[in-house]
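The values are calculated or read from the model by the stated rules, or taken from the named source; none is laboratory data. What you see is a predicted model; the values in this text were computed from it and never measured. In this analysis, Cβ positions are derived from the backbone assuming ideal geometry, glycine residues included, and neighbour counts consider all displayed protein chains. Areas reflect the complete protein model, heavy atoms only, side chains present, ligands, DNA and RNA absent. Shrake-Rupley method; radii C 1.70, N 1.55, O 1.52, S 1.80 Å.
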Amino acid sequence: MTQYNPDIAPKKNPLSLQINVEKFEKATEEEKAQNDIVRESHTFFRDGMRKLFRNPLAVASMIVLFVIIVTIIVAPLIVPYTYNGMVTINGKRDRSAKNMSPFQYSQMEQQLIDEGGTVFPHIFGTDELCRDYFIRVVYGARVSLIVGFFASLIVLIIGLLYGSIAGYAGGKTDLVMMRIVDIIYSLPDTLMVILLSVVLDQVLGQSLNGTVFSTIGPNMLSMFAVFGLLYWVGMARLVRGQILSIKNNEYVLAAKALGAKPRRIIRKHILPNCMSVIIISTALQIPSAIFTESFLSFIGLGVQAPMPSLGSLANAARQALDVYPYKMIFPAVGICLIVLSFNLLGDGLRDAFDPRLRK
Amino acid sequence: MDFELQHKRRKQLLTSLAMACVIVVFGCIVLPMLFEKLLLITVLALIIGALFSSNDTGRYICKRILLALLTVFIIALITFFAMNAIPGGPFSKEKAPSAAVQAVLEERFHLNEPLWKQFLLYLEGMMQGNFGISTKTGREIAVTIFSSFKISARIGGYAALSAVVLGLVLGSIAALNRGKVADRIIIFFTTLFVAVPSFIIATVLLLVFCLKLGWFNVFSTQNQSIVLPVIALMLSPMSYITRLTKTSMLDVLGQDYIRTARAKGVKERWVIFKHGLKNALIPVITYVGPMTAYILTGSMVIESVFNTGGLGTKFVQGITNRDYPMIMGTTIFLATLMVMMTLISDLVYKIVDPRINFD
């Protein structure tokens, strides 16, 4: 095809609709530069990450969470004590290492140090059963975080499946499914959690002995069961609402009009658009699960006895609050840091990834 | 509306009214208690209202009350059958009474009846304020609940009141000084208080003000200082209300009618109170239901920490003692209270702001 040349273009006839080429002028360099790509284009994800890393609170909370997670993974490998065993010296139980304050050594340990041996310091002291308190707090944080992650995972899976089925199906199916959700949603959740924990603890207690689950304990299992039974409704509502609103958007209609197959619409239009909201609410679900776990542990329905959780440690510390306040402070600070970091990170994620808040 | 459709609707209404009359007459003959007759009539009236009311708000109110009644029924159902699923009966102790005594006791407490009949009997007793007898103390549960609830209601009431008042004030201050020091301080503390579990706030308050500073006596029944429990209970809902008020206040202050009010020379104070705060209050109303739930469950922990002898303390004691009738009665009582408060807040919300369509 020959290029268009205005010089050899036919002359404009009067009364014709042909554009008069002579009235045009060539674009200047400046005008041409307006079409250049100044910055490389960002995908939605990269743009969100950039925003997230610009938010100082979110970055700080990510650092705190990273430090906590590294600590709970690494500390049990380094610290030579166990969460359920007494402090021992050369295989002998050290009965004098009771209720020590942070970095204090017991008589036997002092003796060993004087003789030239090394004793790993009790960073948070010891408890009333001569167990190293630091490692107990570390294990407590481990339990709390695991509960938080798994509970939100359960909530995510059930809620996502239920909500997307209701959202896609629509019509009568949707109506019936959402009425069930309405009823579960109106049950007071904390009370039902307590009730089901009490019951499942007793029902599961006997049948669990000897199985793999006995190490986790019936309380933990019942807690997961409760989350799976009750807490998914919020997620299901959210997912359904998202899918319904996205389904009715013009760009989905446009894609349909252009002949896109349902699979492509789901993959390209619906999923990416509701993913951010789902991830944000999952991130915000974790602290609420940790909250519930610590609450249940505090009223004595949490993890099984030798296994600590931050809530049960705080509850145990209550008995000698006057004499050993630091035993309260360590697990309390732990819970607050974890919950606060997750809250701030969730807020940061929402600000970075929720398109409706974009300015 | 189409005339034919209207006619059809009226016909439907008349037939259902006739059916309802038949059911009511039949029910009044069969059901022995006056209370049950009244309940039946109310439920039928509500169903008719929900189906045939021409008024949108009226239909919503009927539906909402029906949902609340259904929720209470389901809670009672879950609680009753969950508690009966627990292995072990009243006579499974070592000192089992003789067969004759067992038979008499079973007759008296209707234990020989099938389970669904026991449930109906329990429901009937519950409506008359009879929750059975505690297996631990041997007292009537209803008496324990109502006497201890007086203490809880006092603490919870003050907490709710101060949370709402302080939350509104702080939220308005934060919204009016957006980005300034006051706003930052308020937002910092509210973010912090949302992340701290109430039992930690309670223990820290107890530790600092009772044990270290000695400003307050440790709570006992003789010395009814409720300042600390109220503060511990109020901080988290107050923070939530503050954040809620701030966002809705900012939203409202950007509206056109605020500009109109300012333009016609209304005093700034008047603008904020009459036009701003009044409209910013609406979202806060929706939080009343969740706040009641939070305060009632939070009071379990806080009352145990301060040992106030309220319903929360009794509930936690019931859990520790595995006193199942007590747990059952308290759960149903508290759950009904929460459902009622949520109902009231939803209805008030709908009446105050009829723009919202819940369907």
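Going through the range A:130-165 one residue at a time, which ones are more than 21 Å from the chain's Cα centre (by Cα) and among the aromatic types (Phe, Trp, Tyr)?
A:Tyr133, A:Phe134
Tell me which residues, restricted to the range B:167-219, are more than 8 Å from every other protein chain (Cβ to nearest Cβ) and not in a helix (DSSP H, G or I).
B:Asn177, B:Arg178, B:Gly179, B:Lys180, B:Leu213, B:Gly214, B:Trp215, B:Phe216, B:Asn217, B:Val218, B:Phe219
Tally up the residues in the range B:181-197 that are open to solvent by 10 Å² or more (accessible area, probe 1.4 Å) and of a type in the set (Ser, Thr, Tyr), please.
Total meeting the criteria: 1.
Of A:Ile184, A:Ile194, A:Ile158, A:Ile154, which residue is open to solvent by less than 20 Å² (accessible area, probe 1.4 Å), in contact (Cβ under 8 Å) with a residue 24 or more places away in the chain and assigned by TED's automatic domain parsing to the domain that holds A:Ile266?
Answer to the check: A:Ile194.
Go through the range A:113-140 and give me each residue that's among the hydrophobic types (A, V, I, L, M, F, W, C), open to solvent by less than 40 Å² (accessible area, probe 1.4 Å) and out of contact with any Pro (no Cβ under 8 Å at 6 or more places or on another chain).
Hits for the range A:113-140 are A:Val119, A:Cys130, A:Phe134.
Here are the criteria: (1) small (Gly, Ala, Ser); (2) more than 9 Å from every other protein chain (Cβ to nearest Cβ); (3) under 29 Å from A:Val198 (Cα atoms). Tell me which single one A:Gly300 does not satisfy.
Against the list (1) small (Gly, Ala, Ser); (2) more than 9 Å from every other protein chain (Cβ to nearest Cβ); (3) under 29 Å from A:Val198 (Cα atoms), A:Gly300 comes up short only on (2).
Given the conditions (1) touching a helix residue (DSSP H, G or I) at 6+ places or on another chain (Cβ under 8 Å); (2) at pLDDT 90 or above; (3) aliphatic (A, V, I, L, M); (4) open to solvent by 20 Å² or more (accessible area, probe 1.4 Å), report the number of the one that B:Ile151 does not fulfil.
So the condition that B:Ile151 fails would be (2).
Which residues, taken from the range A:266-291, are without any contact (Cβ under 8 Å) to a residue 60 or more places away in the chain, open to solvent by less than 10 Å² (accessible area, probe 1.4 Å) and aliphatic (A, V, I, L, M)?
Scanning the range A:266-291 gives a single hit, A:Ile270.
Just the residues that are open to solvent by less than 30 Å² (accessible area, probe 1.4 Å) and touching a helix residue (DSSP H, G or I) at 6+ places or on another chain (Cβ under 7 Å), please, taken from the range A:161-176. Steps first, answer last, please.
Kept after step one, since they are open to solvent by less than 30 Å² (accessible area, probe 1.4 Å), are these residues of the range A:161-176: A:163-164, A:166-167, A:170, A:174.
If the condition is that a residue be open to solvent by less than 30 Å² (accessible area, probe 1.4 Å) and touching a helix residue (DSSP H, G or I) at 6+ places or on another chain (Cβ under 7 Å), then A:Gly163, A:Ser164, A:Ala166, A:Gly167, A:Asp174 are the ones that fit.
If you check A:Ser294, A:Ser312, which single one turns out to be in contact (Cβ under 8 Å) with a residue 40 or more places away in the chain and open to solvent by 10 Å² or more (accessible area, probe 1.4 Å)?
A:Ser312
For A:Arg263, indicate whether it is away from chain B (no Cβ under 11 Å), within 25 Å of A:Leu349 (Cα to Cα) and open to solvent by 10 Å² or more (accessible area, probe 1.4 Å).
Criteria not met by A:Arg263.
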